[in-house]
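Colleague: Here you go, one structure.
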Amino acid sequence: MSEIVDIAYKFGCGRYICGFDVLEMVGNQVSRAAKRLFVVGGKTALSLTRERLTRGFDEAGIEYVFAEYNGFCAHKAAREYAEKALELGADAIIGVGGGRAMDFSKLCGVYAKLPTYTVPTSLSTCAAFTTLSVIYDESGKTVGNYYLEEEVRGIFVDYGIMINQPVRLVAAGIMDALAKHIEIKNGHREVDTESFNIDLVTASVLAKHTYETILANREEACDCIERHEFSKAVENIIFACLPVTGMISGISKGFGQSALGHELYYQLRTKFTKEALSYLHGEVVAIGLLTQLVYNTEDELVAPFAEMMSEMGMPTTLEGIGIERTKENFDLLYKEMCRSDFVRDEKLFEKALKVIF
């Protein structure tokens, strides 16, 4: 499912700036290296940010062009938008929006061979930070991952935007971040220095800290964002879900920090595209985490984790996202999942998969 471009570790980004009134700072920050910008994002994201971004661009004396894109992150579209950016003489690309827009802008940067900056408008994934793009075809079916040679040049997180996003997006991002701690252990109850390489041991330490931080702040943060209010809990959740989770991905080269939860997402978006299409990345990954917990022999954590998912309005079974409980569907998913590198004990995995059927 992956296209490997580079084997280097990429731990971070050029600059990470968060706070209120950050949108107005983007122009000044980007002007350090760029004078003409190609800004790409979805219709809603651009409508929320265009005026404030423009103000900062004008004050910094840099040129810019806005381009709307509402499709999936696909190679063909990314090449087309990269050509547009080059035709306009852009020397940097800025992506604005949710996870799909973040992945798309990074892929545009690859094809245009230009540095990419990101302005996330939601917490639904850590895509604003990571050095990979999840690729789809025009129908929304997953094609694989594209691993980037360069880190994102800068990330700009505006709290004023973040506290006005739908809570559903926050919940999805929370689940995507929690996944790291659970998936790194794939097939183990604990991460130890004998069974795991130093990079995954290091990623696991950060992932555990992220997991504990999210559990301690989740309820208050979601309540505050639902009221469009800022708090320490909101700040903690944003930092844990975005830069820290992004660093975990970088430390593990984007591989070891994902396992059955993310593999299930890819398989469902491939084999059950229509059913999975209306659900967010983190919502589908969360269902797979219930299987992951059993595969890790942490069965006692399944019930409380499923309860937390229910509290956040998420389905906890495949039937909950419209996939029928049939032997045919089970066998298809079991077969495809067992082909991945993540399933080493097929009998245990069979037991684990039954938890969500």
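Colleague: Points 7 angstrom from Cα along the Cβ direction at Ile7 and Arg36: gap in nanometres?
Modeller: 3.9 nm
Colleague: Still on this structure, please answer the following. Specify the angular offset, from 0 to 90 degrees and rounded to the nearest 10, of the alpha carbon long axis of helix 302-311 from the longest principal axis of the alpha carbons in the chain.
Modeller: Once rounded, the angle reads 40 degrees.
Colleague: Helix 281-295 versus the longest principal axis of the chain: what is the Cα-based angle in degrees, 0 to 90, to the nearest 10?
Modeller: 30 degrees
Colleague: Also: Taking R0 as 41 Å, what's the FRET efficiency between Tyr159 and Asp345 from their Cβ-Cβ distance, rounded to 0.05? Please report the intermediate quantities before stating the final value.
Modeller: Details: r = 44 Å, r/R0 = 1.08.
Taking R0 as 41 Å, the efficiency between Tyr159 and Asp345 is 0.40.
Colleague: Right, another one. For semi-axes √(5λ) of the Cα gyration tensor in Å, several values are listed as [x] 54, 24, 16; [y] 43, 25, 17; [z] 33, 22, 19; flag the one computed from this structure.
Modeller: Answer by label: [z].
Colleague: When the label point is put 7 Å from the Cα of Val167 along its Cα-to-beta-carbon vector, which residues of segment 90-132 have a backbone N closer than 18 Å?
Modeller: 122-124
Colleague: Have a look at Ala33, Ala172, Ala74 and tell me which one the Gaussian network model of the chain (Cα, springs below 10 Å) gives the largest fluctuation.
Modeller: Fluctuation is largest for Ala33.
Colleague: Continuing with this model, one more query. Tell me, in nm to one decimal, what length is gained between Ile198 and Glu80 on full extension, where the rule is 0.36 nm per residue of separation less the Cα-Cα distance?
Modeller: Values: separation 118, 0.36 × 118 = 42.48 nm, distance 4.04 nm.
That pair, Ile198 and Glu80, stretches by 38.4 nm at full extension.
Colleague: Quantify, in whole percent, the carbon and sulfur part of the accessible surface of the chain (1.4 Å probe; protein heavy atoms only).
Modeller: Solvent-exposed carbon and sulfur of the chain make up 50 percent of the total.
Colleague: All other residues with a Cβ under 11 Å from the Cβ of Gly41 taken together, and with Lys, Arg as +1 and Asp, Glu as -1, what is their net charge?
Modeller: Numbers: positive: Lys43, Arg50, Arg100; negative: Glu68.
Here the charged neighbours net out to +2.
Colleague: Just grab the label-to-label distance for Glu328 and Ser278, each label 7 Å out from Cα along the Cβ direction, in nm (one decimal).
Modeller: 2.2 nm
Colleague: Can you tell me what share of the DSSP beta bridges in the chain is antiparallel? A percent to the nearest 5 is fine. Numbers along the way, then the final one.
Modeller: Numbers: 5 of 29 bridges.
If I count the DSSP bridges inside the chain, around 15 percent turn out antiparallel.
Colleague: On a 0 to 90° scale, report how tilted helix 167-184 is relative to the longest principal axis of the chain, with both axes built from alpha carbons and the result rounded to the nearest 10.
Modeller: Taking the Cα atoms of the chain, the angle to 167-184 is about 60 degrees.
Colleague: Quote to one decimal, in nm, the extra length available between Glu212 and Ser47 on full extension: 0.36 nm per residue of separation minus the C-alpha distance between them. List each step's numbers first, then the result.
Modeller: On the way: separation 165, 0.36 × 165 = 59.40 nm, distance 3.52 nm.
Extra length available between Glu212 and Ser47 comes to 55.9 nm.
Colleague: Moving on to the next point. Counting alpha carbon pairs within less than 8 Å and at least 6 residues apart, what relative contact order, in whole percent, applies to segment 131-175? Walk me through the numbers on the way to the answer.
Modeller: Values: 28 pairs, mean separation 12.3, N = 45.
Once divided by the residue count of segment 131-175, the mean separation gives 27 percent.
Colleague: Name the residues whose placed amide hydrogens come within less than 5 Å of the amide hydrogen of Ile155, ignoring near sequence neighbours (fewer than 5 apart) on the same chain.
Modeller: Long-range HN contacts for Ile155: Arg15, Tyr16, Ile17, Thr118.
Colleague: I've got another one for you. With n ≥ 4 as the cut-off for DSSP H runs, can you work out [θ] at 222 nm for the chain, using -39500 (n - 2.57) per run divided by the number of residues, rounded to the nearest 500? Walk me through the numbers on the way to the answer.
Modeller: On the way: 15 runs with 178 residues, N = 357.
It comes out at -15500 deg cm²/dmol, rounded to the nearest 500.
Colleague: Okay, moving on. Extending each Cα 7 Å along its Cβ direction at Ser310 and Arg189, get the distance between those two points in nm, one decimal.
Modeller: The answer from the label model is 2.6 nm.
Colleague: How large is the accessible surface per residue of the chain, computed with a 1.4 Å probe and reported in Å² as a whole number? Kindly include the intermediate steps, with their values, before the conclusion.
Modeller: On the way: 15010 Å² over 357 residues.
The answer is 42 Å² per residue.
The values are calculated or read from the model by the stated rules, or taken from the named source; none is laboratory data. Everything numeric here is computed off the predicted structure, so don't read it as measured data. Cβ atoms come from the backbone with ideal geometry, glycine included; neighbour counts cover every protein chain shown. Note: accessible area is taken over every heavy atom of the protein model, side chains too, but ligands, DNA and RNA are not part of it. Shrake-Rupley method; radii C 1.70, N 1.55, O 1.52, S 1.80 Å.
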